[in-house]
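First the structure, in the form of structure tokens, and then the observations on it.
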Amino acid sequence: MVPSETTLDRSGFKLAEGIVHVWEGENLCQQGNPESLYRILDSAEQARADRLRVDQHRAQFVACRAWLRLLLSAYTGVVPDQIKLSYDEFGKPRLAQEFDGLVLVFNVSHTSDRVLIAFGTNSMLGVDIECCREIRNLEGMVDRVCSPAEKVIWKRLPEQRKIDVFFSIWVRKEAIIKAQGTGISLGMSKCVLGGVNLDHPVFLPVSCGEASEWSLLDLGCGSQHKASIATNVPVRSLVHRCLPHTPLADLYL
Ligand SMILES: CC(C)(COP(=O)(O)OP(=O)(O)OC[C@H]1O[C@@H](n2cnc3c(N)ncnc32)[C@H](O)[C@@H]1OP(=O)(O)O)[C@@H](O)C(=O)NCCC(=O)NCCS
């Protein structure tokens with residue numbers, strides 16, 4: 001699915017069970033005045049930004065968290081700098097409070113130039129984006145990431161498709177892992193995908209619940225990237241939008 005351009009119109013911020021919104025941003029570190037955006041962050045986020053010594057990394061982290069807070073504000077009605085985030089023991093950020101009886105869930109993924117921020121309700125939700133690139137020991141990576149049955153399918157692919165398909169498998173599995181929340185230690189090869197295109201989970205670690213209840217959806221983010229979203233509930237509507245290119249500071253400050 002290719003995202004549609006949109007402005008930040010409040011009427012677009014309605015979530016319900018089975019509805020997932022994904023916001024895609026490009027080159028966020030070039031948006032707005034980093035010092036103004038820094039003030040939207042809470043003290044823990046500011047301290048984390050202060051520890052980032054590379055200007056581009058710092059600017060990207062600050063802009064990404066500022067956008068996350070701006071979007072959470074639009075969904076909840078809470079002012080961006082008053083949003084309370086908490087972190088579980090594996091570092092997954094969550095909203096500390098419920099809204100209108102719904103648990104608003106979100107997840108973030110970034111590459112050097114892209115950010116995806118996904119929102120849903122009352123579910124485990126994870127998103128992952130990767131830039132397709134050459135991998136030195138691709139076969140070795142496939143051995144670590146894939147189950148034996150997946151490896152058989154991957155090895156039969158024409159050479160020119162192997163990198164693309166590897167990254168599709170990677171983002172699907174990492175989206176599941178990020179939804180579940182304990183991180184990569186969950187074991188990529190233990191999240192088993194099925195079908196000729198390896199596009200749905202057939203077996204997952206017990207902490208994920210029934211594989212058949214999960215939805216795994218690929219997102220179109222251009223030919224250089226693979227991206228996927230995973231949630232442990234049926235998805236009846238997935239909306240994929242671009243963040244406006246308007247400097248963030250003009251929208252909020
Ligand atoms: C979560 C994880 C798979 C993300 O990997 P990644 O591909 O490098 O990063 P992505 O860009 O896709 O995602 C990063 C975002 O996911 C979110 N995130 C962080 N920890 C997460 C977790 N455990 N589960 C899901 N999402 C997580 C954050 O929003 C983070 O963005 P931020 O850097 O702006 O805060 C990886 O970092 C991991 O395995 N973390 C667990 C670490 C752990 O076990 N910690 C134990 C305590 S020390």
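The values are calculated or read from the model by the stated rules, or taken from the named source; none is laboratory data. Small disclaimer: the values here were computed from a predicted structure and weren't measured. When we count neighbours, we look across all protein chains shown, and the Cβ atoms used for this are built from the backbone with ideal geometry, even at glycine. With ligands, DNA and RNA removed, areas are computed over all heavy atoms of the protein, side chains included. Shrake-Rupley method; radii C 1.70, N 1.55, O 1.52, S 1.80 Å.
Note that segment 58-183, at 20 °C in a medium of 1.002 mPa s, gets a Stokes-Einstein diffusion coefficient of 129 µm²/s from its Kirkwood radius over C-alpha pairs. When each of the peptides 105-118, 125-138 is scored by how many other beta carbons lie within 10 Å of its residues on average, the order from highest to lowest is 105-118, 125-138. Counting only Cα atoms, segment 126-216 measures 35, 23, 19 Å along its principal axes, largest extent leading. The convex hull of the Cα atoms of segment 10-83, projected and averaged over all directions, covers 5.5 nm². For K162, a cut-off of 20 angstrom between C-alpha atoms picks up these aspartates and glutamates, skipping any fewer than 8 places away in its own chain: D128, E130, E134, E139, D143, E150, E174, D199, D218. Per-residue ellipticity at 222 nm, computed for the chain from helices alone with -39500 (n - 2.57) per DSSP H run of at least four residues, works out to -9000 deg cm²/dmol. With R₀ set to 35 Å, the beta-carbon distance separating Q160 from E26 gives a calculated FRET efficiency near 0.85. Taking all protein chains into account, the per residue accessible area for the chain stands at 49 Å² (1.4 Å probe).
With all protein chains in place and a 1.4 Å probe, the accessible surface of the chain carries 51 percent carbon and sulfur. Near K84, once Lys and Arg are set to +1 and Asp and Glu to -1 for all other residues with Cβ below 14 Å from its Cβ, the sum equals -1.
Enclosing the Cα atoms of the chain in their convex hull gives a volume equal to 133 cubic angstrom per residue. If you average the C-alpha positions of segment 114-147 and of segment 201-232 separately, how far apart do those two centres end up, in angstrom? First find each Cα centre; the distance between them is then 10 Å. Of all the Cα-Cα pairs you can form in segment 182-232, what percent are over 13 Å apart? More than 13 Å apart: 63 percent of the Cα pairs in segment 182-232.
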